[in-house]
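Notes follow once the structure below has been shown.
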Amino acid sequence: MAEHVKAILDSGLKAFVDLVLLASYHARITGVAKYEIDHISYRVASPTDYRRRKRELADVAVLLAEGEVGGGLVATYKLLPEHALSMKTVVADRGNMVIRMVDVVELAAPKFGSDHPTGLMHVRILGYDMPLEEFGAMHSAVQPNCFEIRKDTSADLRIDFRHGDNLVGGRGFSLRFQGSTVAMETEENETGDRRVRSWDTLIVDYDCTLSLEDTIHLIPEAAGVKNPSQSWKDVTDAYAEDYAAHVPPTDTGLEGWLESFAEVEARSICRVNNSGCLAGLRRADLRRVGLQVEFRPGAQQCLLRWKGALSVCSVNWSRDLIAARLPSSASILSNDLEFSPDHSEEVSTGRVLGCMRVASDKLRAAREAVRSLDECIYVGDSSTDLLLLTQAGLGILVAPSESVSALCAKFGVKTAPLEQARGSLKEKGCVYIAEKGWESIICFLEFTEFLKER
């Protein structure tokens, strides 16, 4: 049977504090032992452990606060008087023994994208008798790159003793100094970084985001391309030549650069409509082809798990092809083939209807379809997705090509790994990259749901 968290803290507190004091001594950070310990922090390795340890602490403590802190869920408890932790330590500069009482414990859940073992994580000291900036400057040469003064709530100086440090036997932990108690902070900062960001709508691109490959070529294959006035190959070759010959402006910013392709795309649609190469296609053919489209690993699983509103926003030409593998509740924002109302089998006239051509069209369609883009996650892969990616509450790139990465660099679009999109700390305008594809997105969404639990 697993040991109760109170027993773990009772047995581990003195050894952990002694380790912190020893590391501080070797780093020439003096006088630490004489100050009061405000609280200790205990991190668990999984959401399941976090829930179990919360239940255990409820038997011996009162919950002061719970919320997102720095991208992870933290619950702060005040131990009941009869369960307060105690330990004996020697105050080095006085040589006398003192009994320390610790009655506040932070329980920290694992952070998305981090790998931290279960165990005591940090000790926080109260009342250090000099300004934190001065203290950090005085010791930074001794332990380089380990000082960080955070001012997102109240000033907090953190000294990290990192993994692999010979002084601490390869274990990482931190010592923190602050002027107010954690119990005071839970009252003062209830509207601070303890909110958990949530999204009510997931919008995704289709081709090469959900699907492994572009699917436009499947439309004429389903049609059989019977007696077209211009072959499909001629249509695609003309588009490729037109696209290659286009020189986008360099002085109009990202939006102007993307918008300049509108005429190229419009001419392509005109060629398709004039050729008649998609005439005679039945809806059933498109749905059959759509069912055969191969999705990226994890994509369908993610869509089925998503509990909010779901939309697909695409420049594809067939809503039937797109809808074939989607949940029935999904809405589709895209172009579509025109179908003859006089034919019992709903046969296409060969014309492509709609005005979804370039990035600004997708952005406009999404804005019209949802209450607020700030409440949306958008997932895409190409240049036509960039405006939506930067305007959505959270924009995620899946398998970005070198050309998309170069475009982001050219126009100053900041990118970062999805692991850094930590709840309420998500940076507006930053595009996050799902380095493991939809697997990364599933993990992120599961983590967000876990943070929302209370």
query = For region 36-65, which residues satisfy the criterion of being touching a Leu at 6+ places or on another chain (Cβ under 6 Å) and open to solvent by 30 Å² or more (accessible area, probe 1.4 Å)?
reply = GLU36
message = Can you tell me how many residues within region 245-297 are in a helix (DSSP H, G or I), of a type in the set (A, V, I, L, M, F, W, C) and open to solvent by 70 Å² or more (accessible area, probe 1.4 Å)?
response = 3
message = List pairs: first residue in region 9-21 and among the hydrophobic types (A, V, I, L, M, F, W, C), second residue part of a helix (DSSP H, G or I) anywhere in the structure, Cβ distance under 8 angstrom, at least six positions apart or on different chains.
response = LEU19/VAL168; VAL20/VAL32; LEU21/VAL32; LEU21/ALA33
remark   = The residue that is farthest from LEU445 (Cα to Cα), considering only those in region 298-334 that are polar (S, T, N, Q) and open to solvent by less than 20 Å² (accessible area, probe 1.4 Å), is SER318
key: Residue satisfying all of: in region 72-91; small (Gly, Ala, Ser) and either farther than 30 Å from GLU419 by Cβ or modelled with pLDDT of 85 or more (or both); least open to solvent (accessible area, probe 1.4 Å) among these   = ALA75
query = If you check ARG351 against the conditions, is it open to solvent by 10 Å² or more (accessible area, probe 1.4 Å) and not in a helix (DSSP H, G or I)?
reply = yes
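The values are calculated or read from the model by the stated rules, or taken from the named source; none is laboratory data. Everything quoted here is computed from the prediction, not taken from an experiment. Every residue, glycine among them, receives a Cβ derived from its backbone with ideal geometry; neighbour counts consider all protein chains shown. For the accessible areas, the whole protein counts, side chains as well, though only heavy atoms, and no ligand, DNA or RNA atoms are used. Shrake-Rupley method; radii C 1.70, N 1.55, O 1.52, S 1.80 Å.
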